[in-house]
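Each value in this text was obtained by applying a stated rule to the coordinates, not by laboratory testing. Predicted model, so just to flag it, every value in this text is computed and none were measured. Virtual Cβ from ideal backbone geometry, glycine too; neighbours counted across all protein chains shown.
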Amino acid sequence: MNPLWGTYRMVAPVVGALAPAAGVFTSPAERVLWLERLGHVTRTGRCDAWVHAASLGEAVAVQPFVRELARLRPGARLQLTTTTRSGRERLRAAGHDAVLAPLDTPQAVRRFHRDVHPERLFLIETELWPHWLLEARRQRLPVAVVSARLSERSVLRYRRLGGELRSLVAGLAAVLCQGDEDQQRWRALGALPERTCVVGNLKSDGLPEPVPDRALARRALGVEPRRPLLVLGNVRPGEPRLLVQAWRSLAPSLRSAWQVVAVPRHPRALSQLQSEAIGAGLTSLERGSPSDTWRWDERLGVLTQWYQAADVAFVGGSLAPYGGHNPMEAAACGAAVIMGEHDGSQRGSVRALERAGALWRVEDDRELARALEALLSRPDLRAERSEAGVRAAAAERGSAARAVAELVERGLWLPS
């Protein structure tokens, strides 16, 4: 047996035994939902499918997929789960039955199955929890990964678990991938070739549309409606220094014509990001009010609104090795998009936008400065890239229908 796999299998039951008492050490917000983490779910009747969407992004992406499942099978009963509270809140606000997913311990997973009785499991993107898969195999439940993606780093990490995990991956009933590179990686991890195919990214079906009037969108967000807007989206630690250096290299007259809003990927990182920006020479930072400098908005769920109000958008997690965040969202909103070279988790969207001429890639602050200078000073270039991005986003939609059609074809979802 692989040593890492053996250690995981030994430790997980111990964690499961201690988990009920560990709830008292969690935050108040987490404590009230701790029973859900332990696998306790209150529901009656059958469950046609357990659908897991890990975080807020997947919670948004899963909704077109769920609608397509229900369209082919009206009255289907689904149990949605998320790993994060923000994802749970988003799904519940949309009217879905959503709870926090069980911890990957034998005890929590068995409680969840006892309470929910799912007939199949659909995992969104990359969620390979060993005890989830082991319990599904024990109960002979088919498992499909939908909008499946894998980074090179994830493949290396999963391979450390050895042949035991490879066997679980080989047992997956279907792996419906975002792109060709994802399909190759899933096969390298053990997925059977005849059970894999490419259907696209579910997040493309949930892409927003451009607003009719950006000035009104800016006014609604509390910034100057007639002044062009640069949005720095999903900014991660290590990126503010490069962003500020590029910004400060622009001519003062060009900077003064624009307003800038930075949206952190994680609200808890706001202070760190602002400190980095100040250390790089940004002298004035404000939160919550318009200014002639940068404004920061750490609220969850507002990035799409900022992209819809933006003329130009930088997509973060890409100047530092985080794998990048989805540039297609900004392009769908009609912003001219800039992104760094780190795109390991977004290759499909990046390639589609590059083919359309809708994405400006940069490697460092000097290239970023050149991209900003060109896009901020040339309305014709912004318009050209904006239109190309909107067209590219429109072409990407439809993945939910393709995914469900594949599930039907493979006997994993039966229409009424």
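Structure values in brief
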item: Per-residue Cβ neighbour rank within 10 angstrom, fewest leading, H131, H342; result: H342, H131
item: Virtual spin-label span in nm between A70 and R248, 7 Å along Cα→Cβ; result: 5.1
item: With Cα atoms, 0 to 90° folded angle of helix 379-396 axis to the chain main axis; result: 10
item: Likely footprinting exposure, S345, S55, fewest C-beta neighbours within 10 Å first; result: S55, S345
item: On Cα atoms only, tilt of 106-116 relative to the major axis of the chain in degrees; result: 90
item: Solution diffusion estimate, µm²/s, Stokes-Einstein, the stretch 309-416, Kirkwood Rh from C-alpha pairs, 37 °C, viscosity 0.692 mPa s; result: 222
item: Residues R299 and V32, FRET efficiency given R0 of 22 Å [Cβ-Cβ distance, rounded to 0.05]; result: 0.50
item: D_trans [Stokes-Einstein, Kirkwood Rh over alpha-carbon pairs] for the stretch 214-394, 25 °C, 0.890 mPa s, µm² s⁻¹; result: 155
item: Fluctuation leader among C333, C47, C197 - the chain, Gaussian network, Cα springs under 10 angstrom; result: C47
item: Virtual paramagnetic centre 7 Å along Cα→Cβ of R92, amide N under 19 Å, in the stretch 41-68; result: 41-44, 51-63
item: Sites S377 and S275 - FRET efficiency at Förster radius 30 Å, r taken between beta-carbons, to 0.05; result: 0.50
item: Taking M339, M1 and counting other C-beta atoms within 10 Å, the order from fewest to most; result: M1, M339
item: Segment R140-A215, extension gain: residue separation times 0.36 nm, minus the distance between their alpha carbons; result: 21.5 nm
item: For the chain: relative contact order, % (alpha-carbon pairs under 8 angstrom, 6 or more apart); result: 14
item: Principal-axis tilt of helix 180-189 within the chain, Cα atoms, nearest 10 degrees; result: 40
item: Contour minus Cα-Cα distance for R397 and E367 (0.36 nm per residue); result: 7.7 nm
item: Relative compactness, the stretch 128-173, computed as alpha-carbon Rg over 2.2 N^0.38 Å; result: 1.15
item: Helical contribution to [θ] at 222 nm, DSSP H n ≥ 4, -39,500 (n - 2.57), averaged over the chain, rounded to 500; result: -14000 deg cm²/dmol
item: Computed log₁₀ I(q)/I(0) - Debye formula, equal Cα scatterers, no solvent, the chain, q 0.07, 0.10, 0.13 Å⁻¹; result: -0.36, -0.73, -1.15
